[in-house]
Amino acid sequence: MKKKSLLLIITFVLMLATLLSGCTGSDSEAKEPGTVAEEQAGGTTEEEVDWTSKAVTDFNEETTITIQHEWGSDLTSVLMKPIEDKLKAEGKNITVNWIQGSADSVSLQELNASGVVPDIIYSSIGVSALQELDMVEPIDDYMKIYEMDTSLIDPSVMSLLRSYDDKGSVIGVPTFADTFTLFYNKEIFDMFGVPYPTDNMTWDETIELAKKLTGERNGVQYRGLEIGYNNSVSNDSLAPLKEITSNFVDPETDEVLLTKDPDITRYFELMKKFYSIPGLYERDLEKQASFYASGTAAMLVSWPTYMEWGISEEVRASTNAVLAPIWGGEDQFTPPTQAHMFILNKYSENKDAAFQWMKEEVSEDIQKYFSANGFPTVLKSPEVIATFGSEKDIYEGQNVKAYFPENARVLEGRKSQYQKLAEDFIVEKLSEFANSDMNIAEFLRKVEEELTIMIDEEKLKKE
């Protein structure tokens, strides 16, 4: 045992000596050209680095990149083909091989075990699984090398892309935007003799309007508002909360903040007023439904694309939209704009070619093509926004500007790795809150305790 310990000490000393000599000499060989001289001269500035000299420009030989997407390959290959066609027209012989799969931990580990290494991975469920498996390649350097102009992208989306990384690096390229809008059924407003809603009403004004539109007519129970489809207890129901706070868990300490952030209490005070409107929230489990979709709710806070996949043709005919409600006063923001994203795999062997493809995802012409086909753009371009849904009859005559708020909240700092877990748990508890007479402080204390235990259990799984 003593000989073994002595051998370990000698090995450690030799390693330390090697590291120290590397710090004084050989480290300069690993640095990018120009950085050593710049540091000796008193530091470096980003503008002094010739990033474009690092670009790979020759793609004459065919390069096949593999992209993993949760949709079927038949659908994605058709939808995304214009990107491949554009690259080939520019002389970039880059071909895409689509494979189907989710960005969850189990699916990714199964993929890795099979030996398949996708160059790009699409995620609509965040990046926690990818980060746990160390599969995320930050793309800041690639954006500089290939001159990707992020100033064209919605600032709220860019803040989201940076919020996942400890250093604030961009972790992916966005695809389509998820914003919030306020749909309203003109037929129900006319029935109750109430004026239509207007852009950026406050939440209090919206709830007061909902009271006037809640009641029975001709034997049918009408409800003034759903905050999120499915009886106002879905993920969309957190829209008011997301306008005023970013983290439910401290990103530095993993401390749950439900009883410590006054904005969370403010949100639950609002929701208590909402759930307490007689006849608005359906407490009977057998009668719960998406009431706007069935034509019995006057207003709905949800995603713009719900117009297509969630609302029947009959209800759609009397539907229009205005900008989502805000808190008012100092809080003039709509919820942060969400966006699903393409992630560059850290283990890809075709990163330059893959980024060529990723970059085109947010080019103006490609985004205009997506927008026209009913996929909300992540660009802030009025021209691209104006094309939204132009290839689909269902958006004809719709106030599509209401789908693209200019006052979407910009996130500050990074998100906790347990943010999604906390968010899902709060949503799970909303129905309990809606049916409870519990004091808000008591309710939040109870949920905070349960969520803390869940996070501790998740940490144990990773040890």
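Worth a mention:
- Residue match in region 406-420 (condition: without any contact (Cβ under 8 Å) to a residue 40 or more places away in the chain, of a type outside the set (Val, Ile, Thr) and closer than 30 Å to Thr319 by Cα): yes
- Test for Leu225: is it crowded, with 20+ Cβ neighbours inside 10 Å and over 24 Å from the mean Cα position of the chain (by Cα): yes
- If only residues of region 119-132 that are in a loop (DSSP other than H, G, I, E, B) and at pLDDT below 95 are counted, the one that is most open to solvent (accessible area, probe 1.4 Å) is Ile125.
- Complete set of residues in region 422-451 that are under 13 Å from Val233 (Cβ atoms), among the polar types (S, T, N, Q) and either free of Cβ contacts under 8 Å to residues at least 12 places away in the same chain or in a helix (DSSP H, G or I) (or both): Ser431, Ser436
- Of all residues in region 332-345, those that are within 11 Å of Leu411 (Cα to Cα) and open to solvent by less than 10 Å² (accessible area, probe 1.4 Å) have Cβ atoms under 8 Å from Cβ atoms of residues that are outside any loop (DSSP other than H, G, I, E, B) and among the acidic types (Asp, Glu), 6 or more apart or on another chain, in Thr337/Asp178.
- Filter result for Ala177 (touching a residue at least 24 places away in the same chain (Cβ under 8 Å) and either in contact with an Asp or Glu (Cβ under 6 Å, 6 or more places away or on another chain) or not in a helix (DSSP H, G or I) (or both)): yes
- The sole residue among Phe404, Phe433, Phe443, Phe425 that is surrounded by 15 or more Cβ atoms within 10 Å (Cβ to Cβ), over 17 Å from Leu258 (Cβ atoms) and of a type in the set (Phe, Trp, Tyr) is Phe404.
- A count restricted to region 86-104 and to residues that are outside any strand (DSSP E or B), open to solvent by less than 40 Å² (accessible area, probe 1.4 Å) and either touching a His at 6+ places or on another chain (Cβ under 8 Å) or under 10 Å from Ala129 (Cα atoms) (or both) stands at 2.
- Single unsatisfied condition, Val116 versus (1) among the aliphatic types (A, V, I, L, M); (2) buried (at least 16 other Cβ atoms within 10 Å of the Cβ); (3) touching a residue at least 24 places away in the same chain (Cβ under 8 Å): (2)
- Within region 80-104, the set of residues being out of contact with any Ser or Thr (no Cβ under 8 Å at 6 or more places or on another chain) and among the hydroxyl-bearing types (Ser, Thr, Tyr) comprises just one member, Ser102.
- All positions within region 353-384 that are part of a helix (DSSP H, G or I) and either out of contact with any helix residue (DSSP H, G or I) (no Cβ under 7 Å at 6 or more places or on another chain) or over 29 Å from Ile94 (Cα atoms) (or both): Ala353, Ala354, Met358, Lys359, Asp365, Phe370, Ala372, Pro382, Glu383
- Selection count where residues are crowded, with 20+ Cβ neighbours inside 10 Å and not in a loop (DSSP other than H, G, I, E, B), scope region 276-291: 1
- Any hit, region 413-429, residues being modelled with pLDDT of 95 or more, aromatic (Phe, Trp, Tyr) and over 30 Å from Glu132 (Cα atoms): no
- Test for Glu361: is it open to solvent by 10 Å² or more (accessible area, probe 1.4 Å) and not hydrophobic (A, V, I, L, M, F, W, C): no
The values are calculated or read from the model by the stated rules, or taken from the named source; none is laboratory data. Worth saying up front: this structure is predicted, and the values here are computed from it rather than measured. Note that we place each Cβ from the backbone using ideal geometry, even for glycine, and neighbour counts take in every protein chain shown. Accessible surface areas use protein heavy atoms only, side chains included; no ligands, DNA or RNA. Shrake-Rupley method; radii C 1.70, N 1.55, O 1.52, S 1.80 Å.
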